[in-house]
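What follows is a short report on a single structure.
The values are calculated or read from the model by the stated rules, or taken from the named source; none is laboratory data. Note that the coordinates shown come from a computational prediction; the quantities given were computed from them, not determined experimentally. Quick reminder, even Gly has a Cβ in these numbers, built from the backbone with ideal geometry, and neighbours come from all protein chains shown. These accessible areas exclude ligands, DNA and RNA; they are computed on the full protein's heavy atoms, side chains included. Shrake-Rupley method; radii C 1.70, N 1.55, O 1.52, S 1.80 Å.
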Amino acid sequence: MKYSGARVVIECLVEQGVDTVFGYPGGAILNIYDELYKNSSRIRHILTAHEQGASHAADGYARSTGRVGVVFATSGPGATNLVTGIATAYMDSVPIVAITCNVTIPLLGKDSFQEVDITGITMPITKHNFIVRDAEKLADTIREAFIIAKTGRPGPVLVDIPKDITAAQIEYTPAAAGISKAAGFAAGKANLRRILNVNEPTDDEIRKAADLINAAKQPVIYTGGGVIIADACAELKELAERASIPVAMSLMGKCAFPNRHPLATGMIGMHGTVASNMAADKSDLLIAIGTRFSDRVIGDPGKFARHAQILQIDIDPAEVNKNIPASDALVGNIKDVLGRLLPLVADRKMSDWNRQIEKWKKTVPSNWNQKEPLPPRFLYEYVNSRVREDAIITTEVGQHQMWAAQFYQFTEPRTFLTSGGLGTMGYGTGAAIGAQIGNPGRQVIHFAGDGSFRMNCNELATIQHYKLPVIIIVVNNGTLGNVRMWQTLFYEKRYSQTTLDFGPDFVKLADAYGIRGFPVKTESEFEKAFDIALASGKPAVIDAAVDMDEMIFPMIPPGKPASELMLEIK
């Protein structure tokens with residue numbers, strides 16, 4: 001059968017099981033939007049206020065559901081507005097497919113109106129990208145994009161389609177049943193095999209790793225987001241419980257392991273707990289699973305886990321020995337690797353090592369226990385006590401993000417959505433939209449700093465239009481809190497351009513969008529506002545005033561070892 005290229009795009013998305021796309025139309029992509037209109041019963045489109053919001057929404061949809069998120073944008077500025085969202089997904093290994101449309105082929109490379117080389121721009125921040133110059137290759141290119149996005153270590157893939165390709169009439173053959181959803185579709189393509197880079201450890205490598213674990217006296221697991229991506233949280237829990245191994249979590253791995261579990265030690269790294277950082281510092285075996293040894297975790301690489309052998313388990317061979325030398329490594333799908341490793345790991349009871357960990361857990365900063373006027377810890381703990389365990393928490397980037405990681409006790413995977421690798425202010429509201437669209441029966445709570453919320457509050461229009469019951473809590477300290485904290489600690493209190501002592505009034509702004517807003521300054525006011533918002537089943541904005549000089553402790557100064565962890569201002 002013959003279809004237009006635009007219709008082929010829609011048919012291929014349906015093949016891949018896509019039922020929702022996020023985006024913003026424009027001239028170059030109009031042919032696809034016209035087909036989308038005709039096929040609105042098959043694919044739902046969510047119109048955001050800005051393309052960047054659409055890219056973050058696709059990301060939040062993907063992180064919370066485990067499916068591939070899809071975003072549309074037009075040429076030129078429409079495409080470049082996706083760049084930050086694509087980079088965010090790339091750094092955190094999130095599977096999204098971005099479909100952009102460009103000017104017609106004869107106009108490419110001629111500085112045409114709204115023309116940009118989006119494949120060139122996004123090459124360093126995509127797992128792979130394509131520009132479709134041959135209409136007959138359009139269907140296979142889209143299918144291949146989905147395979148690449150979700151196979152192996154996931155990541156974003158961009159497909160750029162010139163407008164004349166979307167208009168061309170081409171022969172369309174539906175993919176054979178199941179083929180378009182499996183890597184076997186293009187197994188014969190050497191280039192695709194190279195991109196996917198799927199490995200599997202040998203039996204000898206598995207046995208050697210088990211011997212390391214069984215011989216260790218003071219082991220600790222350092223888990224990251226890769227465990228969640230691999231759907232290996234159950235295997236991680238079984239490993240920890242079988243060998244009584246403490247579990248420290250990266251920011252991206254916060255919901256990989258139940259935070260209230262006796263073996264959980266909390267977040268590791270710059271703002272991690274004393275227990276997690278000391279466990280890594282004193283361990284004799286650090287088992288790193290699905291994590292990339294971020295600089296925000298390791299500090300001084302020469303002194304990180306200095307007494308330990310490093311066993312690294314990851315699907316991506318490029319991560320092994322990249323930041324920290326590994327004594328041994330298992331490269332492969334984490335769920336499969338742990339499944340093979342578990343039968344070889346010996347049962348072990350609690351030991352003096354575990355008792356030492358418990359002592360470290362009791363060492364916390366004094367500001368965690370403050371009461372006045374509205375302590376940040378209270379916000380997270382109250383929300384935690386009022387929502388279901390499967391509630392999805394999203395954040396922007398800054399102090400409020402670190403407080404969420406420190407104080408909110410996650411119990412289920414895919415319930416904490418935050419920008420870890422890129423640290424994108426402006427990420428969270430779009431991510432909350434995507435999470436709510438992908439999980440319509442779930443509670444979605446978004447914590448935002450006032451600085452970050454200024455960057456994406458236009459998406460209140462999207463939340464209200466689609467009647468999404470997202471509750472936004474603006475942790476409002478009237479400053480760029482994280483930057484101000486660094487200025488206090490390292491720049492002799494020179495607060496250059498970090499004070500936000502000018503609008504907007506977030507409650508009035510919410511009202512302008514038809515959303516109820518609540519100004520709160522005390523614990524009792526917050527309790528009342530949150531309970532009303534939660535019971536309403538409608539979107540809400542809670543403007544929670546906290547002190548400008550709140551700090552995030554513990555803190556390891558940049559580039560310093562865990563032994564120099566600060567619990568208060570010296």
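Using per-residue counts of other Cβ atoms within 10 Å, averaged over each peptide, order 398-404, 135-141 from highest down.
On the way: 398-404: 26.4, 135-141: 18.4.
Packing proxy ranking, top to bottom: 398-404, 135-141.
With all protein chains present and a 1.4 Å probe, how do LYS127, LYS254 order by accessible area, largest first?
Details: LYS127 45, LYS254 5 Å².
If we order LYS127, LYS254 from most to least accessible, we get LYS127, LYS254.
If DNA, RNA and ligands are ignored and the probe is 1.4 Å, what is the ranking of MET555, MET278 by accessible area, most exposed first? Write out the running numbers ahead of the final one.
Values: MET555 0, MET278 40 Å².
Ranking MET555, MET278 by accessible area, largest first, yields MET278, MET555.
Taking a ≥ b ≥ c as the square roots of the eigenvalues of the Cα gyration tensor of the range 365-439, is the shape rounded (a/c under 1.5), prolate (a/b larger than b/c) or oblate?
Verdict is oblate for the range 365-439.
Rank TRP360, ILE569, GLY434 by how far each Cα sits towards the positive end of the charge dipole of the chain (+1 on Lys, Arg Cβ; -1 on Asp, Glu Cβ) and give me just the farthest.
Of TRP360, ILE569, GLY434, it is TRP360.
Just to confirm my numbers, what's the Cα centroid distance between the range 362-427 and the range 499-570 in Å?
10 Å
For Cα extents along the principal axes in Å, the listed values are [x] 113, 61, 46; [y] 71, 63, 43; [z] 110, 51, 50; which was obtained by calculation from the structure presented?
[y]
Can you give the FRET efficiency to the nearest 0.05 for THR104 and ASP549, using r as the Cβ-Cβ distance and R₀ = 60 Å?
With a Förster radius of 60 Å, E is 0.60.
Provide the FRET efficiency to the nearest 0.05 for the LEU344-ASP390 pair, computing r from the beta carbons and using R0 = 30 Å.
Numbers: r = 33 Å, r/R0 = 1.11.
It comes to 0.35.
Relative contact order of the range 219-327, please, whole-number percent, based on alpha carbon pairs below 8 angstrom and at least 6 residues apart. Walk me through the numbers before you get to the answer.
Numbers: 209 pairs, mean separation 29.3, N = 109.
So the answer I get is 27 percent.
So, with +1 on the Cβ of K and R and -1 on the Cβ of D and E, and no other charges, what is the size of the charge dipole of the chain about its Cα centre, to the nearest 20 debye? Show your work: numbers first, answer last.
Values: 58 positive and 61 negative charges, 130 e Å.
Around 620 debye, computed over the chain.
Say each of GLU527 and ARG442 gets a label point 7 Å from the Cα, pointing the same way as Cα to Cβ; how far apart are those two points in nm?
2.9 nm
Evaluate the relative contact order of the chain (contact order divided by residue number), counting alpha-carbon pairs under 8 angstrom at least 6 apart; express in whole percent. Please report the intermediate quantities before stating the final value.
Details: 1268 pairs, mean separation 80.3, N = 570.
Relative contact order for the chain comes out at 14 percent.
Over 18 Å between Cα atoms, which of LYS127/LYS150; LYS303/LYS349; LYS150/LYS237; LYS282/LYS560; LYS237/LYS282; LYS254/LYS361 qualify? Intermediate results must be reported in sequence, preceding the final value.
On the way: LYS127/LYS150 10 Å; LYS303/LYS349 29 Å; LYS150/LYS237 24 Å; LYS282/LYS560 16 Å; LYS237/LYS282 22 Å; LYS254/LYS361 16 Å.
Those over the limit are LYS303/LYS349; LYS150/LYS237; LYS237/LYS282.
Which order do GLU15, GLU358, GLU200 take when ranked by solvent-accessible area (1.4 Å probe, heavy atoms of all protein chains), largest first?
Working: GLU15 30, GLU358 80, GLU200 145 Å².
Of GLU15, GLU358, GLU200, the descending order of accessible area is GLU200, GLU358, GLU15.
May I ask you to give the percent of accessible area on the chain that is carbon plus sulfur, with a probe radius of 1.4 Å? Walk me through the intermediate numbers first.
Numbers: 11540 of 22280 Å².
The computed percentage sits at 52.
Compare the peptides 438-445, 331-338 by average per-residue count of other Cβ atoms within 10 angstrom and give them in order, highest first. Spell out each step's value before the answer.
Numbers: 438-445: 18.8, 331-338: 21.9.
Going from most to least packed, we get 331-338, 438-445.
With the contact rule set at Cα under 8 Å and sequence spacing of 6 or more, what percent relative contact order holds for the range 1-147? Before the final figure, lay out the partial values.
Working: 218 pairs, mean separation 35.9, N = 147.
Here the relative contact order equals 24 percent.
Going toward the positive end of the dipole of the chain, with +1 on Lys and Arg Cβ and -1 on Asp and Glu Cβ, which of PHE22, VAL474, ILE118 do you reach last?
The residue sitting farthest along the positive end of the dipole is VAL474.
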